[in-house]
Amino acid sequence: TGIATLFLDRNLRIMRFTPKVSELFSILNTDRGRPISDLTHRLGYTELQTDAQSVLNRLTPIERELQDQDGRWYLTTVLPYRSTEERIEGVVITFVDISRRVLAETALRDSQARLSAELNAMQRLHDLVGRLLVSKDLPTALQDVLESVIPITGAEMGNIQLLNSSTKVLEVVAQRGFEENFIEHFRAVNAHTGSA
């Protein structure tokens with residue numbers, strides 16, 4: 001089987017395992033009969049022995065999602081297993097690689113969070129633009145618009161300049177994130193100087 005599967009007896013000693021187990025555990029064929037506690041593994045699964053004992057005692061399966069040292073995710077299931085005479089012989093532990101699923105779920109959550117943030121920002125911008133149209137205080141309205149646009153664009157700073165039609169000078173009317181000496185230098189720029 002392509003699934004890493006480990007069989008333990010009632011004393012939590014290794015009975016048998018599939019070859020895939022060696023990708024997660026330092027295990028050899030000569031390890032049969034050794035306690036599971038003797039093995040080292042690449043999973044952050046400190047409860048392995050406790051879970052196995054709990055399944056033996058209660059006969060209730062345990063499932064966990066675990067991440068190994070390389071960042072791969074595994075659905076780990078610990079189940080009791082019975083002999084042909086219906087006696088509990090030990091536990092079987094399977095490790096199914098679910099990395100693709102976890103990555104897809106994470107990407108979906110991230111995408112939903114980004115979409116929600118962008119939708120909120122766009123709604124705020126829409127509201128502000130509506131207020132801008134009726135605002136008597138243009139500098140405050142433009143500062144509000146700038147505060148909404150910066151997160152949408154992913155910028156760290158920004159400014160809004162207006163062209164004074166009579167003097168042909170670009171004037172900074174709203175800004176965020178710039179140092180005062182920069183703003184002072186570019187507060188009023190002649191539109192014909194070739195400055196960006």
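Some notes on this structure:
- Condition met for THR153 (at pLDDT below 85 and surrounded by fewer than 12 Cβ atoms within 10 Å (Cβ to Cβ)): yes
- One residue from VAL102, VAL145, VAL149, VAL129 being under 30 Å from SER22 (Cβ atoms), touching a residue at least 12 places away in the same chain (Cβ under 8 Å) and among the aliphatic types (A, V, I, L, M): VAL102
- Residues (of a type in the set (Val, Ile, Thr), over 15 Å from LEU138 (Cβ atoms) and in contact with a strand residue (DSSP E or B) (Cβ under 9 Å, 6 or more places away or on another chain)) located in region 153-171: THR167, VAL169
- Of all residues in region 44-71, those that are open to solvent by less than 30 Å² (accessible area, probe 1.4 Å) have Cβ atoms under 6 Å from Cβ atoms of residues that are among the basic types (Lys, Arg), 6 or more apart or on another chain, in ASP68/ARG42.
- Restricted to region 82-100, and to residues there that are within 12 Å of GLN67 (Cα to Cα) and either open to solvent by 30 Å² or more (accessible area, probe 1.4 Å) or among the acidic types (Asp, Glu) (or both), the residue that is nearest to the chain's Cα centre (by Cα) is ASP97.
- Single condition GLN161 does not satisfy, out of (1) of a type outside the set (A, V, I, L, M); (2) closer than 30 Å to GLU63 by Cα; (3) crowded, with 16+ Cβ neighbours inside 10 Å: (2)
The values are calculated or read from the model by the stated rules, or taken from the named source; none is laboratory data. Source: prediction; values computed, not measured. Ideal geometry is used to build each Cβ from the backbone, glycine not excepted, and the neighbour counts take in all protein chains shown. These area figures cover heavy atoms from the full protein model, side chains too; ligands, DNA and RNA do not enter into them. Shrake-Rupley method; radii C 1.70, N 1.55, O 1.52, S 1.80 Å.
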